[in-house]
Structure formats: C-alpha cells, structure tokens
C-alpha cells in the first residue's frame, strides 16, 4: 500500500508542475497583448496556490522572469498604444483641413512617428492603423481632388489671360488716351479676377500683359509731357503779350495803336492753349488791358461824329471778336464739365477743378450777356447816325 501512496503523491506533484508550466506559457503569450481584462492577476493568484503545493525554485524563477518580460512588454505596448491613439485623434482632426502643404507635411511626420512607436498589441494595433490610415486617406484624397481641379482652373486661367494679352496689345498704340486708360484698367481688373495660371506660366504671361500696358502708359506719359511743355510755352508767350497789352493800354500815342492791339490779339490766338489751369486767368488779364486800351482809344476817337460812328463800328467788331473768343473758351469749359459728368468718381483735384470750371462758366455766360447788350446798344446808336 505504501508504494501506491508514494506514486499518488508523485503523480500529484507532476500535475502541479505541468500546470505551473502552462501558467508560465500563458504569461509569455500575453507579451504581445494589452491585458485590459486582468488575466495576469488571475494567473498570479493561481500560481501562488500551485506554488504552495509544489515549491519548485526553477519554475519560480521561470515564472518571475516571464512576469518581468511581460511587464516590460506591457509598458512598451501601452506607450505605443497611447502614442498611436493620439496620432489617430490628430489625424482625424486634420482630415478636413484645407491647409494643404502644412497638413501634408504634418501627416508625413506623423507617419514616421507611427512607425517609430512600434507594436501596440494584437488586435489594437490593426484597429488603430485602420483608423489612422482612413484619416490620412480622407485628407490626401481631398488634396488630390483639390489640385486636380486647380490644375484645370489654371489651364483655363492661362487661356483667358492669353485673350487679355491680345486685347491689351491691340490697344497699346491707341491715342484715345482717356478711353484706352479706362480699357487698360478694366483689363487689369479682369486679369486679377481670372486667378493664378501656374508657376510655369504666370510670370511669362504677366510680363507680356504688363509690357503692353506699360507701352501704352509710357506713350501716354510722353504725350502729356509734350502737351504740358506746349502749354508752358504758350503761357510764357501770353504772359509777354499781356505785358505788351498793358504798355499799349497806358500809352498816350494812339498812332497805329489799334493795329498793334489787333496784332497782339492775333498772336494771342496763334499761341494756342496754355492749359485749363492758366488759360482763364491769363485771358482775364489780357482782356482787362484790352478794355482799358479801347476805352481810352474810343475817347480819343470821339472828337467828331464821323469818328464816333467809326468808333462804334470798331467797338462792335471788337465785341464780336471778344464774343467769339469767349464762346470758344466757354465751349471748352462745357466739354470738360461733360467729361466730369460722365465719370463715376472724381478725386480731390478733379472736384476742385470742376468747381472752378463751373464758376468760370457762370462768369463767361454773364460776360456774354453783357457783350450782347453792348452790341445792341451800339446798333441802336449807329441807327441814329
């Protein structure tokens, strides 16, 4: 009977050893799994119970070594899992971004971080990767779609800009300065509205388009420089004629004086315009000396009736000339005011010029009425001769 008892005890010890080996194997199997259900704690409890019946130092050392490896593995798995969960969340936050370059760079950096994070446990690793990959796919698919559409738009923009270049080149030699300036501004606004035509084409297209615009503006600048120069020359001539008219108006010698004054007026007309900024002021100064001269000249001529008749006729001619000149200036003012009326907006200088022109128009119309009254008076006096 005793041998049988010993055999039974040895069989029990063998069973315990076998179970302990299985527990060690189970701990090792959990090395690649994040233990969220507390299996390792159950294994530890069962090991303590088994070790109480079979205290094997070798198996105890194997078990403790397996636990150490497990815990180190768990730390790595949990760290990798935490890192990848954070990467998944960030990728999902970025998947609808439209900051293409910045987001693309960040996602690529995150992919490197993902690989460096290592394995995050069976099941969890694939699940996290699927979520991370899906968020990446959403963004990069949207980015590809955006750039495909942009490429189509850029091709259309390049075609439209070619048309704008042709329009600009067709107007670059125009001498209709006001109208063509408006056309060039409209072309510039349309150019901006068309949008970007790709890095490869944009600079070359802009160089051609802007070249046509600058060609026109350079010619326009030269034209107005020449016009200002002519106005300046006319101003100097008329300032000299004003001085001559002043001296003639103050002279006491009337021999040939009328012919001289008439000659001054002819030279005045030949000098041309001195520009809107000066013409009215210069004309008023010249006219005042004319008036003074003819007043004194007419007094000199009134020594007898025949001279008086001649005086009146000459006065009528002078008034006709003055009316003609004043009507010409008045018509120029009306044309300029019509130009301002057709403009959408006026800058400060244009508004000031407009007010000055309106005042000049009012004064000129009053003078014309005065001159016509004087003509009527002269006609009445001539009828009495």
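Structure above, values below:
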{"read-out": "Selection from the stretch 357-385 of residues that are under 13 Å from residue 276 (Cα atoms) and in contact (Cβ under 8 Å) with a residue 40 or more places away in the chain", "value": "357, 360"}
{"read-out": "Filter result for residue 360 (touching a helix residue (DSSP H, G or I) at 6+ places or on another chain (Cβ under 7 Å), modelled with pLDDT of 90 or more and either farther than 18 Å from residue 290 by Cβ or in a helix (DSSP H, G or I) (or both))", "value": "yes"}
{"read-out": "Single residue of the stretch 192-208 satisfying the filter (surrounded by 14 or more Cβ atoms within 10 Å (Cβ to Cβ) and either over 17 Å from the mean Cα position of the chain (by Cα) or modelled with pLDDT of 90 or more (or both)) that is nearest to residue 167 (Cα to Cα)", "value": "208"}
{"read-out": "From the options 246, 230, residue that is in contact with a helix residue (DSSP H, G or I) (Cβ under 6 Å, 6 or more places away or on another chain) and part of a helix (DSSP H, G or I)", "value": "246"}
{"read-out": "Selection from the stretch 307-326 of residues that are buried (at least 16 other Cβ atoms within 10 Å of the Cβ) and either farther than 15 Å from residue 366 by Cα or not assigned by TED's automatic domain parsing to the domain that holds residue 294 (or both)", "value": "308, 311, 312, 314, 315, 316, 318"}
{"read-out": "From the options 279, 259, 266, 247, residue that is surrounded by fewer than 13 Cβ atoms within 10 Å (Cβ to Cβ), within 24 Å of residue 330 (Cβ to Cβ) and assigned by TED's automatic domain parsing to the domain that holds residue 352", "value": "266"}
{"read-out": "Residue tally, condition part of a helix (DSSP H, G or I) and over 30 Å from residue 43 (Cα atoms), over the stretch 68-107", "value": "17"}
{"read-out": "Filter pass, residue 81 being farther than 30 Å from residue 145 by Cα, crowded, with 18+ Cβ neighbours inside 10 Å and at pLDDT 75 or above", "value": "yes"}
{"read-out": "Selected residue (only one of 236, 269 is within 47 Å of the chain's Cα centre (by Cα) and modelled with pLDDT of 90 or more)", "value": "236"}
{"read-out": "Among residues of the stretch 239-260, those that are within 59 Å of the chain's Cα centre (by Cα) and closer than 11 Å to residue 290 by Cβ, counted", "value": "4"}
{"read-out": "Unmet requirement for residue 111, which otherwise passes all of (1) in a helix (DSSP H, G or I); (2) over 30 Å from residue 148 (Cα atoms); (3) modelled with pLDDT of 75 or more", "value": "(2)"}
{"read-out": "Residue in the stretch 135-149 that is surrounded by fewer than 17 Cβ atoms within 10 Å (Cβ to Cβ), closer than 29 Å to residue 101 by Cβ, touching a residue at least 40 places away in the same chain (Cβ under 8 Å) and within 22 Å of the chain's Cα centre (by Cα) present", "value": "no"}
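The values are calculated or read from the model by the stated rules, or taken from the named source; none is laboratory data. Keep in mind it's a predicted model, so treat the numbers as computed, not measured. Counting neighbours? That spans all protein chains shown, and the Cβs are built from the backbone with ideal geometry, glycine included.
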